1. List the relative contact order of the chain as a percent without decimals, with contacts defined as Cα pairs under 8 Å and 6+ residues apart.
2. Using the basic label-point model (7 angstrom from Cα toward the beta carbon), what is the Leu78 to Val57 distance in nanometres?
3. Can you give the convex hull volume of the alpha carbon atoms of the chain per residue, in Å³?
4. What does the highest-first list of 14-20, 52-58 look like by mean Cβ count within 10 Å?
5. Roughly how many Å is it from the Cα centre of region 39-58 to that of region 8-27, as a whole number?
6. Using the alpha-carbon atoms, what tilt in degrees (0 to 90, nearest 10) does helix 72-89 show relative to the longest principal axis of the chain?
7. Given H placed on each backbone N at 1.01 Å, which residues far from Tyr90 in sequence or on other chains put an amide H within less than 5 Å of it?
8. Compute the angle between helix 3-24 and the longest alpha-carbon principal axis of the chain, please, reported from 0 to 90 degrees and rounded to the nearest 10.
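Throughout, read-outs are computed from the coordinates displayed, never taken from laboratory work. What you see is a predicted model; the values in this text were computed from it and never measured. Note: ideal-geometry Cβ built from the backbone for every residue, glycine included; neighbour counts use all protein chains shown.
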Amino acid sequence: MTEREALAVSRAVWCISGVLEAELVPEYVFSAIAGRSVSHFHQHVFVRPFGTPDSVVWNDVDSWGGAPRVDEHALGLLCCRLRTRFEARY
C-alpha cells in the first residue's frame, strides 16, 4: 500500500478505536493485522470486555461463555450507533 493509504488506514483505526471505547466502554481495544498466503491487507479492530478472565486468549473472547451477546436487532442498532459516532469523528 502507498504511504497515503497507510495513513488513511491508521486514521480510520484510530477513529474506530475511539468510537468503540466510547460506545462499549471495553477493558481494551485491540488492533491486529493478519494475512497468510494471499497478498492482501487485513486488519481487525475489536474489543475485550471488562471481566474477561485472564485465561481467555486476547483474540478469542468469543470462546468465553460470559462474553456479552446481542441478537440480530440489537446488533443492527449497535452498528447504527457506531456508524454515527464514526462519521462524526472521521
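1. 26 percent
2. The two pseudo-label positions are separated by 2.2 nm.
3. Dividing the Cα hull volume of the chain by its residues yields 121 Å³.
4. 14-20, 52-58
5. Using only Cα atoms to place each centre, the spacing works out to 13 Å.
6. 40 degrees
7. Residues meeting the amide H criterion: none.
8. Around 20 degrees separate the two axes.
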